[in-house]
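This report concerns only the one structure given below.
The values are calculated or read from the model by the stated rules, or taken from the named source; none is laboratory data. Here the structure is a predicted model, which means the values were calculated and not measured. Note: ideal-geometry Cβ built from the backbone for every residue, glycine included; neighbour counts use all protein chains shown.
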Amino acid sequence: MVVAEAAFPIHSRRGLSVVQLNGEIPDVVDAVERVIEEKSHVKPRLYVATEAASVPYDYAPGIKNYRDQLEEALHGRETVQLDHAMLMRMLNDASKTYRVLVIKTRSALPYTSVFMELGSGYWDAESESALREVIDNENLR
């Protein structure tokens, strides 16, 4: 899922659904986070563009306020910072296998889209590794 800025390109490919909301990114992220927190079966991994931290106020008035609002909307979740081009490649790759929802907002600040990868809320990488080790050991017998 992507909570996107107003200028986010609309891709015309299978696997991507785009909806437009009349809200700002922090407000939409907050609403999505609240829904996710109610569910035990999904856990988000959040990605933001590295460039967002360097966008100067002189070129993007409101960016400081946006950063503060987004931090609050994330409900204490950590984010992974990747460059925007990498995030777009990840989106392209994900849409080949999974359905991806892009929520376009009215936010008009560069590099402010928030990318969410929804994973299992009841099974983590450590659990998967432990399972694979058990299976490997059983196959060695």
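R34 passes every criterion in (1) out of contact with any Asp or Glu (no Cβ under 9 Å at 6 or more places or on another chain); (2) farther than 24 Å from Q20 by Cα; (3) basic (K, R) apart from (2).
In the range 108-141, which residue that is touching a residue at least 12 places away in the same chain (Cβ under 8 Å) and of a type in the set (V, I, T) is farthest from V80 (Cα to Cα)? Within the range 108-141, the match that is farthest from V80 (Cα to Cα) is T112. Among the residues of the range 109-136, those identified as modelled with pLDDT of 90 or more and under 18 Å from the mean Cα position of the chain (by Cα) are L109, P110, Y111, T112, S113, V114, F115, M116, E117, L118.
Screening G23 against (1) in a helix (DSSP H, G or I); (2) more than 29 Å from Y122 (Cα to Cα); (3) at pLDDT 95 or above; (4) out of contact with any Leu (no Cβ under 6 Å at 6 or more places or on another chain) leaves a single unmet condition, (1).
Determine whether the range 33-48 contains at least one residue that is part of a helix (DSSP H, G or I), buried (at least 16 other Cβ atoms within 10 Å of the Cβ) and touching a residue at least 12 places away in the same chain (Cβ under 8 Å). Within the range 33-48, one or more residues are part of a helix (DSSP H, G or I), buried (at least 16 other Cβ atoms within 10 Å of the Cβ) and touching a residue at least 12 places away in the same chain (Cβ under 8 Å). Which members of the range 1-15 meet the condition of being more than 21 Å from L82 (Cα to Cα) and touching a residue at least 40 places away in the same chain (Cβ under 8 Å)? Result: R13, R14, G15.
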